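Colleague: Dropping a structure here in structure tokens format, bear with me for questions.
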Amino acid sequence: MPGRVIGTELPLGYPGTIARNPDNIIMNRLVKEDSANVGYGKPVVLNGDNTYSAFGADNTAAQFGGVAIREVKMATNYYNQNDVEYLPGQQCDVLERGSIVVKCPKGTPTAGGKVYIRTAANETYPGSTVGDFEAEEDAGKTIALTGVVWATGRIDADKCCELLIKERV
């Protein structure tokens with residue numbers, strides 16, 4: 001058949017894109033005024049005042065509130081139109097249960113494998129930053145999430161893969 005390429009694998013999508021529709025729970029809350037910007041496909045903290053904050057170095061696995069989803073929204077960076085974030089004081093949509101595409105800059109995800117969030121920089125691996133999801137432990141610099149696993153072992157050329165939040169916080 002013309003136009004078909006055998007052996008080519010399509011990318012999984014952009015970070016923050018919902019991966020599968022059934023069983024998704026999405027909530028909308030404000031980003032707390034003192035929070036850092038929340039990027040698509042990044043972890044958030046659910047605060048006691050019904051707001052979200054960007055997941056940072058001082059947060060724990062118990063504070064994980066979900067993953068910011070990709071919405072149609074004006075870009076905040078003129079030079080990189082795919083670099084869109086929720087800003088403090090804005091409404092933020094977060095997947096609290098379900099499947100979502102995220103970046104995994106360190107490690108190779110395995111189906112049902114542990115998911116870690118980076119909480120401290122690693123000078124020997126500059127490609128990973130605080131708040132990144134990762135597939136391998138980095139002692140003292142990552143924390144393991146409970147109720148969250150890698151949905152498949154697939155990772156594309158852009159380091160995107162599918163994360164499954166099985167339990168709602």
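Colleague: Starting at the first residue of region 125-135, write each ³J(HN,Hα) from the Karplus equation 6.51 cos²θ - 1.76 cosθ + 1.60 with θ = phi - 60°, in whole Hz, x for Gly and Pro.
Modeller: Working through the residues one at a time gives 9, x, x, 10, 10, 4, x, 7, 7, 9, 9 Hz.
Colleague: For Gly41, what residues show an amide H to amide H distance below 5 Å, using hydrogens built from the backbone and excluding near sequence neighbours?
Modeller: Here the answer is Gly16, Ala68, Ile69, Arg70, since their amide H atoms fall under 5 Å of that of Gly41.
Colleague: Each residue of region 31-47 in turn: what ³J(HN,Hα) in whole Hz from Karplus with 6.51, -1.76, 1.60 and θ = phi - 60°, glycine and Pro shown as x?
Modeller: Values, residue by residue: 7, 4, 4, 9, 7, 6, 4, 10, x, 4, x, 9, x, 10, 10, 8, 8 Hz.
Colleague: Once you sort the root eigenvalues of the Cα gyration tensor of region 36-162 as a ≥ b ≥ c, which label holds: rounded (a/c under 1.5), prolate (a/b larger than b/c) or oblate (the other case)?
Modeller: rounded
Colleague: What lysines could a cross-link reach from Lys159, if we take a straight Cα to Cα line under 25 Å and drop same-chain neighbours fewer than 8 places away?
Modeller: Of all the lysines, those that pass the test against Lys159 - Cα under 25 Å, at least 8 places apart if same chain - are Lys42, Lys73, Lys103, Lys106, Lys114, Lys141.
Colleague: Summing +1 for each Lys or Arg and -1 for each Asp or Glu, what net charge is found among the other residues whose Cβ lies under 11 Å from the Cβ of Thr142?
Modeller: It works out to a net charge of -1.
Colleague: If I compute solvent accessible area with a 1.4 Å probe over the protein chains, what percent of it on region 79-169 is carbon and sulfur? Write down the numbers at each step before the final one.
Modeller: Numbers: 2080 of 4290 Å².
Summing carbon and sulfur atoms, their accessible area is 48 percent of the total for region 79-169.
Colleague: If you restrict to DSSP beta bridges whose two residues both lie in the chain, what percentage is antiparallel, to the nearest 5?
Modeller: Just about 95 percent of them are antiparallel.
Colleague: If you roll a 1.4 Å probe over the heavy atoms of the protein chains, what accessible area per residue do you get for the chain, in Å²?
Modeller: Working: 9250 Å² over 169 residues.
Using a 1.4 Å probe on heavy atoms only, each residue of the chain averages 55 Å².
Colleague: Moving on. Would you mind working out the magnitude of the charge dipole of the chain relative to its Cα centre, with +1 at each Lys and Arg C-beta and -1 at each Asp and Glu C-beta, to the nearest 20 Debye?
Modeller: So the dipole magnitude of the chain works out to roughly 400 debye.
Colleague: Let me ask something else about it. Would you kindly derive the ³J(HN,Hα) couplings of region 113-122 from the backbone phi angles with the Karplus curve 6.51 cos²θ - 1.76 cosθ + 1.60 (θ = phi - 60°), listing them in order in whole Hz, with x for Gly and Pro?
Modeller: x, 5, 10, 10, 10, 6, 10, 8, 5, 10
The values are calculated or read from the model by the stated rules, or taken from the named source; none is laboratory data. Note that the structure is a prediction, hence the values are computed from the model and not measured. When we count neighbours, we look across all protein chains shown, and the Cβ atoms used for this are built from the backbone with ideal geometry, even at glycine. Ligands, DNA and RNA are excluded from the accessible area calculation, which covers all protein heavy atoms including side chains. Shrake-Rupley method; radii C 1.70, N 1.55, O 1.52, S 1.80 Å.
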